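Enquirer: First the structure, then my questions, so here it is.
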Amino acid sequence: MTSEHDAAGGGSAPTPGSGAGERSAIDWEALRTRAREVMTRAYVPYSRYPVGAAALVDDGRIVAGCNVENAGYGVTLCAECGLVSDLVSGGGGRLVAFTCVDSRGQTIAPCGRCRQLLWEHGGPELLVETAWAGIIPMSEVLPGAFGPWDLEAGTLADPSTPAATDNEKETPHG
Ligand code: THU
């Protein structure tokens, strides 16, 4: 696909620490294949809408997850939840490249909540495959994200300090 950043077409993962800068080494087809595999394991008796998600980690691992639904609809786990659990329980690291697919194996948009989950572990440079714009950085998928800098800037130093006087730190969003 011409929209991909893997012009070299290689199957190798980036070397540890190379991060999203090594776009040419990202094997997007391997990520899609893993996402399609894990999608077949989704537990979706309520929506009948299976999702599979897969991502490359900066140490070369591929992590993945599928959605797991619940009779209490609101506690359903999106595929990205499983992926993040796989990431952290498997040793952590930073997400470099991400894709997710539906029952047809087609790329879908990560939901709003999951964009926040992905941001936490990949930051603005995480490359996300989208159906609307090809492969784009997370900073374009979730512009103006809430992040740790917001907590740092707005958390009261002392519970007795009035909020309005303790709020002068800069954030990336001004
Ligand atoms: N779903 C995901 O797993 N990830 C997304 O980013 C979009 C939605 C799931 C949740 C639910 O099980 C089903 O898709 C229908 O919303």
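The values are calculated or read from the model by the stated rules, or taken from the named source; none is laboratory data. As the structure is a computational prediction, the values presented were derived from the model and not from experiment. In this analysis, Cβ positions are derived from the backbone assuming ideal geometry, glycine residues included, and neighbour counts consider all displayed protein chains.
Enquirer: I'd like the full set of residues that are within 14 Å of the ligand (Cβ to nearest atom) and assigned to a loop (DSSP other than H, G, I, E, B), limited to the stretch 92-117.
Expert: Hits for the stretch 92-117 are 102, 103, 104, 106, 108, 109, 110, 111.
One line per residue, one yes/no per condition, for (1) within 13 Å of residue 98 (Cα to Cα); (2) among the aliphatic types (A, V, I, L, M); (3) at pLDDT below 95; (4) surrounded by fewer than 21 Cβ atoms within 10 Å (Cβ to Cβ):
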| residue | (1), (2), (3), (4) |
| --- | --- |
| 7 | no, yes, yes, yes |
| 20 | yes, yes, yes, no |
| 26 | yes, yes, no, no |
| 31 | yes, yes, no, no |
| 53 | yes, yes, no, no |
| 67 | no, no, no, no |
| 70 | no, no, no, yes |
| 74 | no, no, no, yes |
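Enquirer: Are any residues in the stretch 68-89 away from the ligand (no atom under 11 Å from the Cβ) and either touching a helix residue (DSSP H, G or I) at 6+ places or on another chain (Cβ under 7 Å) or within 24 Å of residue 130 (Cβ to Cβ) (or both), and if so, which ones?
Expert: 84, 85, 86, 87
Enquirer: Among the residues of the stretch 121-174, write down those that are on the phi > 0 side of the Ramachandran plot and modelled with pLDDT of 95 or more.
Expert: Those that are on the phi > 0 side of the Ramachandran plot and modelled with pLDDT of 95 or more: 123, 134, 144.
Enquirer: Taking the stretch 51-67 only, how many residues are more than 8 Å from the ligand (Cβ to nearest atom) and either more than 13 Å from the chain's Cα centre (by Cα) or in a loop (DSSP other than H, G, I, E, B) (or both)?
Expert: Qualifying residue count, the stretch 51-67: 4.
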